[in-house]
Structure formats: structure tokens, C-alpha cells
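This report refers to the structure that appears directly beneath it.
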Amino acid sequence: MSKRIIVLSLVLILLMLAATVHFTHLGSYMNFEDFKNNSALFRDYVKSNYFLAVLYYIGLYFVVAAFSIPGAFVLSIAGGFLFGAAAATIYVLAGATSGAILAFIASKYLLGDYLQKRYKKELLYFNKEMSENEKYYILMLRFISVLPFFLLNILAGLTKLDLKTFIWTTAIGILPSTLIYTYAGHNLSGIEEPTDLLSVKILTGFVLLGLFSILPVILNKFKK
């Protein structure tokens with residue numbers, strides 16, 4: 001069985017899971033107001049079924065991240081409230097990164113390899129630039145979030161970026177925002193709306209992180 005068939009089969013199965021989350025009552029709890037109103041109920045469940053709750057949380061985050069289902073922002077806050085900021089950060093990184101890996105692999109094997117072969121000459125300069133600075137570009141885009149999380153996973157799969165580099169740049173790139181949101185969830189009572197977290201200082205911090213990550217590329221171009 002070819003890699004494309006295996007990846008496509010896996011994607012179809014996960015699409016069914018995503019549809020289940022979207023079209024059942026489970027999807028409604030990814031709304032911030034609904035979660036806050038039912039927060040005590042969720043916390044009681046976690047206390048009684050911690051291990052199962054962690055598996056469900058990571059699995060849900062995996063599906064949301066892989067298929068760009070709205071709710072990742074609220075899930076991060078919820079994780080901080082239910083598991084604590086430190087533990088929730090680990091669980092979010094596990095779910096989001098694994099979901100990103102699925103999208104990346106699917107993109108690479110279903111379309112990326114074909115495009116690289118079909119337009120080998122046209123992509124020569126682009127591939128050369130990526131091979132020299134790919135980790136800096138991915139980190140910058142993760143920090144600044146110029147592109148939606150799901151879209152960047154797909155576009156990265158169309159390049160010659162290797163899986164190992166994609167994994168560690170994704171994990172590090174989403175770490176700052178994850179820490180902020182899970183810590184905020186740990187102090188849920190102080191949040192009236194999710195937008196309260198998106199202050200000018202925080203957004204500026206993300207931009208500065210992105211610029212700092214791309215600094216080696218700028219310096220290298222300047223030297224040349």
C-alpha cells in the first residue's frame with residue numbers, strides 16, 4: 001500500500017472524528033461563555049477521571065489543530081483552568097503539534113512531492129533559500145501568526161522542509177502563546193472575554209519574537 005493511500009485513509013478517518021465533534025454537543029463547549037458557565041462541572045469530571053480527561057483533551061486538541069476547527073483558543077484557556085498552566089502547556093503542545101504533523105504529512109505526500117517534481121526548475125531558488133533559512137522562517141511565522149495555524153501546516157508540506165525541523169519549530173513557535181493562554185485559564189475568574197488576553201503589549205511581544213527569530217537571516221543577507 002502506497003504512502004499516499006495510507007495518509008489519505010488516515011485523513012478520512014480523522015475527518016469523521018472532526019465531523020463528530022462539530023455536529024454533536026461536544027462542539028458547543030468550545031465556546032468561551034459555555035465553558036465558563038460549566039467550568040465547575042468540567043473540573044469535577046477531571047478530578048474523578050484525570051487520565052481519561054487528559055487523553056480526551058489532547059485528542060480533541062489534535063482534531064481541532066489538524067482540521068482548523070474553531071475553538072483552539074478557548075481550549076488552551078480551558079486546559080489551564082482544568083489542569084494547571086504547566087501541565088496544560090504540555091498537553092496543548094502534544095495535541096497541537098501532533099495535529100500539525102498530520103496536516104504537514106498529508107500535504108507533503110498528497111500534493112507536495114508532486115509539485116516539487118513537476119516544478120523542479122521553477123522552485124530551484126525557493127528551495128535553496130528554504131534549505132538555508134527554513135527554521136527561521138517557520139519560527140517567525142509561528143510567533144507572529146501572520147498565517148493561520150492550519151494554513152502554515154499545509155504550505156510547509158509543499159516545500160522540502162523535513163519533518164524533524166517542522167516538529168521542533170512548531171513546538172517552540174507556539175510555546176509563548178500557549179503559556180500565556182494556559183496561565184490565563186489558571187486564573188479564569190479574572191477573564192470576562194477571551195479578547196481580554198489580546199492586549200497591545202502581548203501582540204507586540206509576539207511581533208518582536210518573530211523579528212528576533214528572523215534576525216539571523218537579515219544579518220546574513222546584509223553580509224552578502
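The values are calculated or read from the model by the stated rules, or taken from the named source; none is laboratory data. It should be emphasised that the depicted structure is a prediction, and the values quoted were computed from it without experimental measurement. Here the Cβ is made from the backbone with ideal geometry for all residues, glycine too, and neighbour counts use every protein chain on show.
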Hey, can you tell me all the residues within region 111-153 that are out of contact with any Leu (no Cβ under 6 Å at 6 or more places or on another chain) and outside any helix (DSSP H, G or I)? TYR119, LYS120, LYS121, GLU122, LEU123, SER145, VAL146, PRO148
Region 32-69 - residue that is under 19 Å from ALA87 (Cα atoms) and of a type in the set (Lys, Arg) and, of those, modelled with the lowest pLDDT: ARG43
Within region 185-198, is there a residue that is crowded, with 16+ Cβ neighbours inside 10 Å, at pLDDT 70 or above and within 19 Å of ILE101 (Cβ to Cβ)? no
Quick test for you: out of ALA103, ALA78, pick the one residue that is surrounded by 22 or more Cβ atoms within 10 Å (Cβ to Cβ), at pLDDT below 90 and more than 21 Å from LEU52 (Cβ to Cβ). ALA103
So is TYR29 under 18 Å from PHE83 (Cα atoms), modelled with pLDDT under 70, part of a helix (DSSP H, G or I) and in contact with a helix residue (DSSP H, G or I) (Cβ under 9 Å, 6 or more places away or on another chain) or not? yes
Screening PHE143, PHE150, PHE126 for residues that are farther than 25 Å from ASN37 by Cα, of a type in the set (Phe, Trp, Tyr) and crowded, with 23+ Cβ neighbours inside 10 Å leaves only PHE143
